[in-house]
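Okay, structure first, notes after.
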Amino acid sequence: MLSWPEKLELLGPYLRTRLMEQVRAVAFIVSYLVLFQLLILRIPIVQAGSIALGLGLVVVGLALFMEGLKLGLMPLGEQLGIKLPGRSPLAGILLFAFVLGLGATFAEPAIGVLRIAGSTVKAWEAPLLYFLLNQRADWLVYAVGCGVGLAVILGMLRFLYNWSLKPLIYTLVPLLLGLSFWCLQDPGLNGILGLAWDCGAVTTGPVTVPLVLALGIGISRVVSGHTTEGAASGFGVVTLASLLPIIAVLCLGLFLRAQVPAPGSADDFFSPAQRQTHQHLFSGEIKMLDHALELAPPSAWLAFFGGDQTALITTLQKRYQMPEDKAFIARQLQRADRPLQLAVLGSTAAVRSLNLPTARHKTAPENMSQQFWSSLLSAAQAILPLTFFLLVIYRLLLRERLPQTDEIFLGIALALIGMSIFQLGIGSGLSRLGSQMGTRLPSAYTALPLPEQKLTLQNFDPGVIQHALRPDGSRVAFFFSEQNQQIQRIQYDPAAHDPVTGQYHYTPSHGPLFRLAGKISGLAVVIVFAFLMGYGATLAEPALNALGATVENLTVGTFKKGLLIQTVGVGVGAGISLGVAKIIWNLPLFWLLAPPYLLLLLLSARSSEQFVNIAWDSAGVTTGPITVPLVLAMGLGIGQQAGVTEGFGILAMASVTPIISVLLVGLYVQYRQQKLLNGEV
Amino acid sequence: MSQDIVRITCKVHTSLFQALLEALKQAGVYNLHQLSGRMAVLTDPRGLAVLLKSSGLSSEPVEVLSFLVPVSQELEALRLVAASCRLMIPGRGTVYSERLRVLKQSPESQLNQQLALTPAEVPGLQVFSDMTAIGCIVQRSQSDEIVSMLLDIGVVPTVTYASGTGIRDRLGLLRITLPKEKDLIQVTVGPAEADVITEKMIAAGHLDRPGKGFVYQAPVSHGVINFKTSKRRIGHAASVDQIIAAIDQIQGDFSWRQGLTGLEQVSRRSYMSGVELSFYLKEGLSETLTQAVMALGVTGATVISPKLLNPAYPAENNILPAREIVRIMVPEHLTENLLQLSVELGLCEAGQESIILCSRVPRAFTYQKKARP
């Protein structure tokens, strides 16, 4: 037995190398976000302390989770893969595969992420999309699950019979593009294109990918015969699990298309004549009204009551009296015109207080232990059912004794603890940093109000107001104010001035920071920012790290993990830049996706089986728990400024570009190898 | 029942793998063990590579294939492999043969008996005789120092993955702090330079310190050896490795190269010698075996997990392709004990398709705790 000092001597370097590995993985994205916010946008970081704590948790959690994958989940998957083909008939294997795929989808919390991206969808502009995300959200999850299940089945068949991945790609990609093109032509369907493509991107997460990879590697070890792909055995399921759910969601859209109205104007949509046919999009008339109040222009409110002004006013009044609805109604009323506000609230004083900039929205101090339990719960949901399912199959159906049982159970425990710490850290560190950044990013090219820095000027004297002439002769009112020893020019807004109290409420704004050549330089900054953020977040993604380690292992070090991660990082960066450009200029997603996919068909035909496998699989794992919150925060921030209905499409773009970058690197490697073999170098 | 046999080991570039497999199938070879590996080459870092890697070391993927043939067909088998992969061109691969003894085998286990080989002379092919294979086991991804040292002195190492057992299995769960993943570095060199190179590997890998690794030699009877150490651009009519290869060819062996490597430096270490037993087992049995031999007092074992290919096997058999080879180096007098143990564990029972081979290890080295006076 070892003495305690000896044990510590063993543990010390072990812990240090694993922690340092994760520190290196997140170092780029963290220092980049901090420096960009401080030096370029020049905005102080809010809640710096808790963000720093969160980042520490991310590092510790990632280290534990990755070690858990290596000790527990991956050996379990591989053992199962080795034993399964010999013990189970084909039908049994395929049933197992389907259940695994379905279960993995329910376990991964990524579908919830898509609902955030769709939180601003307007029912009258994209009825089908709204229907899918709200009333038929369950169906959406089932469709994606079936897509993934089918993908795992196809993947298993591929391992068992040594099929090449290429024919599957050549069949699925054109089918997918054709289906998408058809949906593009149909105004009722093209709203769900972004959702469908993003579903493909988010299905494969940090638990599923390593498990499925290990399972495939195990199966490939016991399948007789040999393949040309040699070292890439075990790959391909992730690719299929990214493509098939898109088809499944598009098919679900086709099926539900008849149940929803065609997109139209808000006034028509909410009018009583149409309402009966639209009501099934909502869970009730109240919800429908809420949706109208929240997102539709006030003219549609009137349309909701069939043009009956008094009915609208009494309803609003009634709800304004109810304590649980008061804040909601007040927020929506701010968008209404003054007569309506006056009619609902009754007095000018009440209208004035309504229009005052609301005080800084105080977030309730979050309870750290409560947060920890909720992340533990979601980690348990992602890991436990899947591993339990695998263990049951292994022990009861295959009747095998698990080798190194203690190590595997330790690994599962580490993965569970690691994932919950990591999610806690993401919630309080990384995504908070990212969302501060995302909402402030548009200030690079446009003026952005900063409500949390709201000021109140006491004893406001209207005498300081001055006027300036516009070229057309109209006047604009402004005044000067001194803050922090700097004289600032502030545009005068009569609504912000309260003559009774003598207060002037002022919301400072920030930007545009880059004015060179109009908006272009600011937009260029945003796009470069998006690139570097995508690159940095990818370096830290756990699923990609696991995939990279697997690739390095299978190729015995000829394809280094570092090279793969760097290549994928560059690819994701480029994809996110394109996605941001899509949102800023509202470019059609289909025309951004079709050319890269056609290029990919060409590149895949020229590449070796091994690189096709690795490249397409890397695409599926890029969008994970680190990238998604950062990208969504940025996408929604920019989307709000640009007035776009939904923030979909960025993830889909970030999935296609890494395939291109990895295949290009692969082609270069192949070219160098050929020269070596011919004795040319 | 011991019987002499020849093990042919081919290490060819992955893109030549299909051609080789086809040729071996034509010849009727079965029971072929396949393992992926890498072959190191020096390169000029340029382009994007400058940013991505600091050293001039790059790797080419190779497949390591090994199969057994009767002693009478040793040279024909070597020539067949060399011709089908055109190993005359440097950089494509290496093939060599070792003489081993079959100690035990499962009743149904079949050895390649008579292969359909045409003993054609291959023009331009140089087959060297009486060489030494040096194998070195180090912690995973700590092989780079040794590999670049070897390339610098003009030999091409191949690296494959292995897993090792040793003290880690006595640590309980704390064993996870000592990863079992190892790198196995192998080179094939001339007999005169073998000791010097072994010594240099010990120095480069600090194998004289605890827990660093293990190095051993094994006699190789014949071989076609790849000398291409570099992909760097050449400023002259021939590269150094081409010149060395040409002189090797003129001399017919490597004895002239001893001056280059400095034979006078050999230190006085206490080397070990003994035999290496290779247990070819079905997947999952290695754990049983290694645990049992540790109880016998053996300090460590190396496990390799190759895939069994049967390209020419007449009918579909029931042997799973997942195989494990356990290599254990022991003093010669322990051989009988280990064989006894394998019978007790039932390793060679019918249906296991196991073989136990034995080879001589003239010299091996690892860190040993100094005995107290």
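When a 1.4 Å probe is rolled over the protein heavy atoms, the share of accessible surface on the protein assembly as shown that falls to carbon and sulfur comes to 59 percent.
Computed over protein heavy atoms with a 1.4 Å probe, the accessible surface of chain A works out to 42 Å² per residue. Ranking of B:88, A:66 by solvent-accessible surface, largest first: B:88, A:66 (1.4 Å probe, protein heavy atoms only, all chains present). For chain A, the longest principal axis of the alpha carbon atoms and the long axis of helix A:561-585 meet at an angle near 30°. Sorted on the mean count of surrounding Cβ atoms within 10 Å across their residues, most packed first, peptides A:308-316, A:51-59 read A:51-59, A:308-316.
Beta bridges from DSSP with both residues in the protein assembly as shown: antiparallel share about 100 percent, rounded to the nearest 5. Note on residue A:45/residue A:381: beta-carbon distance plugged into 1/(1 + (r/R0)^6) with R0 of 30 Å gives a FRET efficiency of 0.40. To the nearest 10, the accessible area of residue A:509 is 70 Å² with a 1.4 Å probe. Spacing of the modelled spin labels on residue A:90 and residue A:35, each 7 Å from Cα toward Cβ, amounts to 5.7 nm. By definition, a body whose alpha carbon gyration tensor gives a ≥ b ≥ c is oblate when a/c is 1.5 or more and a/b is not larger than b/c, and the range A:235-392 fits this oblate description. If you plug the beta carbon distance of residue A:475 and residue A:349 into 1/(1 + (r/R0)^6) with R0 = 25 Å, you get a FRET efficiency near 0.30.
Specify whether the C-alpha gyration tensor of chain B places it in the rounded, prolate or oblate class, a ≥ b ≥ c being the square roots of the eigenvalues: rounded for a/c under 1.5, otherwise prolate if a/b is larger than b/c and oblate if not. Oblate shape, in that a/c is at least 1.5 and b/c is the bigger or equal ratio. Computed from Cα positions, the angle between helix A:90-107 and the longest principal axis of chain A comes to roughly 30 degrees. Taking every residue in A:671-677 and counting other chain Cβ atoms within 10 Å of its Cβ, the average works out to 5.
Put a dot 7 Å past the Cα of residue A:326, heading toward its Cβ, do the same for residue B:270, and the two dots end up 8.9 nm apart. With a 10 Å cut-off around each Cβ of A:549-559, the average count of Cβ atoms from other chains is 5. The contact between chain A and chain B removes approximately 3800 Å² from the accessible area (both sides summed; 1.4 Å probe; ligands, DNA and RNA excluded). A Förster radius of 35 Å combined with the Cβ-Cβ distance from residue A:461 to residue A:521 puts the calculated FRET efficiency at roughly 0.35. Inter-label distance, residue A:402 to residue A:586: 5.4 nm, where each label sits 7 Å from its Cα along the C-beta direction. By how many degrees, 0 to 90 and rounded to 10, does the Cα axis of helix A:208-222 deviate from the longest principal axis of chain A? The two axes meet at around 10 degrees.
Annotation: residue B:170 carries an accessible surface of approximately 140 Å², with a 1.4 Å probe and no ligand, DNA or RNA atoms counted.
Partners of residue B:228 within straight-line reach, counting aspartates and glutamates whose Cα lies under 14 Å from its Cα and excluding those fewer than 8 residues away in the same chain: A:680, B:60, B:152, B:241, B:248. Remark: relative contact order (chain A) = 21 percent; criterion is Cα-Cα distance under 8 angstrom and separation of 6 or more residues.
Using a probe of 1.4 Å on the protein chains alone, the accessible area found for residue A:106 is around 90 Å².
Pair-distance distribution of the protein assembly as shown: all C-alpha pairs, bin width 10 Å, starting at 0; shares per bin in whole percent are 2, 10, 17, 20, 18, 13, 9, 6, 4, 2, 1, 0.
Normalising the average separation of contacting C-alpha pairs (under 8 angstrom, six or more residues apart) by the number of residues puts the relative contact order of chain B at 24 percent.
Dividing the summed -39500 (n - 2.57) terms of all DSSP H runs of n ≥ 4 by the residue count of the protein assembly as shown sets its mean residue ellipticity at 222 nm at -16500 deg cm²/dmol.
The values are calculated or read from the model by the stated rules, or taken from the named source; none is laboratory data. Model, not experiment: these values are computed from the prediction. No Cβ is skipped: glycine too gets one built from the backbone with ideal geometry, and neighbour counts run over all protein chains shown. Only protein heavy atoms, including side chains, enter the accessible area calculation; ligands, DNA and RNA are left aside. Shrake-Rupley method; radii C 1.70, N 1.55, O 1.52, S 1.80 Å.
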